Structures are given as structure tokens and as C-alpha cells.
Amino acid sequence: MISEGIWIYSKFPSKCHECAAKVEKGETVLYVKDIKKVYCAKCGEEKIKNMTITVYDAKKVEPKAEPKDEPLQEEIMEPITEKKKRKSRADVSELAETMMGAIVRAAIDSNHDAALVKIKESIEADLIATYGHIPKRIIEIHSDGKKINTVNGTVHEKFEDVAMLVSAAVPVFIVGEAGSGKNHLCKQIADALKLEFYFSNAITNEYKITGFIDANGHYHETQFYKAFVEGGLFFFDEIDASVPEVLVLLNAAIENGYFNFPTGKFNAHPNFRIIAAGNTFGNGATLQYVGRYQLDAASLDRFAVIELSYDKNIEQIIAGGDNEIVEAVHILRDIIRETNLRLVMSYRAINQLNKLVNIQKMHINKAVQYVLIKGMSVDDMNIIKPRLKPTGNKYITALLSQMKNKTG
């Protein structure tokens, strides 16, 4: 095959495909069309000698000043000849970028949503293949219009939104499935905003909010008291599993900015912040979360509500880059949602599988038994098994094998 070469002037700094030498803007380079490669002057001469290359004009010439306001049609790359020694206005990379841009715009125009999804998936797949996860951008944390911190670690995709709300003293209600990282996220928010972190899970009596004075006259303060009086982030987990009487007290404290503790009335500290979290949107019990109360409208109205889903990037990191673990858990999770089974496949399952199989080198069948099948009844397995399709995923293969052993 005879290659076709052309001497052109480099419009942008680049490098020689052969020797990797830097090619400055304006230098003469050999462009071989069929392989789309650029060579410096020295390597270009060697290529002409050693390859079957037809060159338009192998005589290199000195570049001259780029003409101003050239007509658009003259921006096409042309051979350099003795009669035409002007500099080309476009090089190979610029043309390629222009063509790619036109292709992407055409794809988006024809089917905007589908095109964006495909592009996003492709970019994410490349990033995961390269780094094991999607690198997170650096997030600047502001309070009262001033930068107070910088976060560059791995955080949930909703981290920045929650941080902005908390910084603005807006009460936040995070809704997410069990094991979706609500507690960890709130601790990260407190650290980012440089606030003390206080925590309480489901509250079934008012004394876990107010505290109490014992028979000796000693006041037993609570986590809520510390955050409210001294300042800090109070994380109220499982708010939808707490008794309604407690929420009435909490509503009053949030609304009024003061609270009557057994030791007297206190105004809220300027740095008092609150995040509540639950597994439901406050609409009462579900098939998966049976012990949940319905929250009244007054309680919900005081909070900005953010839904916290499982973050794929965090899952990739927890899995140690083992994509098959993430894929297997996603397959099971989808089946559980479709069939309304009372099972949970959270970050914990991914973390435990990675530790047992990839770190401890436990046999995959045992790991699947201890982590994925542990909460399943025979009826659950009989529902899930027909929906599991062999995919070549070793965890799904092990899961099917273990289910067959247990159900026959």
C-alpha cells in the first residue's frame, strides 16, 4: 500500500509520533494521511526513505507570517509547494475536534436525553477503568459567604447540596435506604463545616431530648442539649421511628430558636445545626421498614428533604475496584425492589464481599452464603432464583449454586 504524505506547518505545539520530540508551532512536519500520524522534519525524511510514501512536495520551506482575515475556504489544509508557501490555518487535531464536535451535536440533536446518557456512561466507564472510581472534584465549603474549608476526598454525590443547606442553617431531612451512608455523610458534613458532631438514633421518650435531673439534683444532659446550647451539628437518625411527642418538642425548638430544658430556657447557639434522617419519607410503615411512624405535615415542613441513593462511585471504591461485586449487588437490589421483598443490599454487602473474597481469600461460595443469602428464606430464594440470569459474573454464579443447594 502506498501512503500519501504532505508537508504542512504545525499550527499548534505537538510531538512527533516516531521520536516523541516536541514540535513547536510553525515548524514543518510530515503528515501521513492514511495512518493519520505526524512526524518531525528529521523523522519525516526517514519515513519517506523507508516507507512507500508519495509526497506532494518534499522540499521544506520556511513559514511566513500568517495572513490576516483569510477567506474561510482557504482554511483547508493544502500541500506546500514553491508556488504556494502560505501557512495552513487548520491542522489535523483541530479538524478532528471540529468533526467530533459536529458528530456529538448531531447525536444530541437527534435524541438529546439518550445521547447524554450514553455519553455519561461512556465517560464514567473510562474513568472507572483508569482510576478504579470516578475522581471527585475539589469542593470549597463556605459559611456566611466566606470560604472555611476545602474537601477533596471521596464524598457522596449529594454532599455539596447538604453542606450548603446546613451551612445556611436550613434543617435537613435525609431519606435513604438502610446502609446508604447517611451517618457517614453527616459526620463528613460536620467535619467540613468545622462543627462538633452530636448524634442520637430513634428517640422513644422525651428525656433523650430534654435530659433530666436525678434525685441528687444532678442534670443529665443530652446530645441535643450540647448541640443546641454550645453549638454543633445534631444528627437525629431514624426520625421516622421516633415517637410523635418527641417531634413536637423538636419542632418547637427549631421554630422558636429557644428551648425549655429542665435547667431553664436556652436560646439556640448561632452554630446550632440539625440533620434528621429516615428510611421513609414520613408516610408511615412500608414492607421493608415496618416500624415507622407517619410524620405530621408540621414536622416535614420545617425540613428541606434530600433523597440519598446509593452512590455508584462510592460502591466502586468500597468494592476495591471489583466491578463484579457491584454488578451482582445491583442485580439483586433490582430484583428485591421489583418483588417487594423485605431484604436490603447496601454498601455493607459490597464491603463485606470485598473483604472476604479479595482480602481474606475466602472461597466465593462461602462469602456469598454469609453475605448475600444470610437473610433470605427459602421462599425468598424461590422468588429470586428464576430472575437471576447467568451473566458470567462469578458472584451471581456462586449465588445461583448456593440457592440451588438450599432449595433443590
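When the helices (runs of 4 or more DSSP H) confined to segment 139-244 are screened for residues that are under 19 Å from G257 (Cα atoms), those reaching at least 2 such residues are found at 159-167, 207-210, 223-230. Can we say F199 is surrounded by fewer than 18 Cβ atoms within 10 Å (Cβ to Cβ), at pLDDT below 95 and touching a helix residue (DSSP H, G or I) at 6+ places or on another chain (Cβ under 7 Å)? Spelling it out, F199 is indeed surrounded by fewer than 18 Cβ atoms within 10 Å (Cβ to Cβ), at pLDDT below 95 and touching a helix residue (DSSP H, G or I) at 6+ places or on another chain (Cβ under 7 Å).
Of everything in segment 371-408 that's in contact (Cβ under 8 Å) with a residue 60 or more places away in the chain and of a type in the set (S, T, Y), which residue is surrounded by the most Cβ atoms within 10 Å (Cβ to Cβ)? For segment 371-408, the residue satisfying everything is Y395. Is it the case that some residue within segment 215-222 is under 39 Å from the mean Cα position of the chain (by Cα) and either closer than 28 Å to Y310 by Cα or modelled with pLDDT of 90 or more (or both)? There is at least one residue in segment 215-222 that is under 39 Å from the mean Cα position of the chain (by Cα) and either closer than 28 Å to Y310 by Cα or modelled with pLDDT of 90 or more (or both).
Would you check which residues across segment 7-35 are touching a residue at least 40 places away in the same chain (Cβ under 8 Å) and either assigned to a loop (DSSP other than H, G, I, E, B) or not assigned by TED's automatic domain parsing to the domain that holds E46 (or both) and list them? Hits for segment 7-35 are S10, K11, F12, G26.
The values are calculated or read from the model by the stated rules, or taken from the named source; none is laboratory data. Remember, predicted model here, so these are calculated numbers, not experimental data. Neighbour counts run over all protein chains shown; Cβ positions are idealised from the backbone, glycine included.
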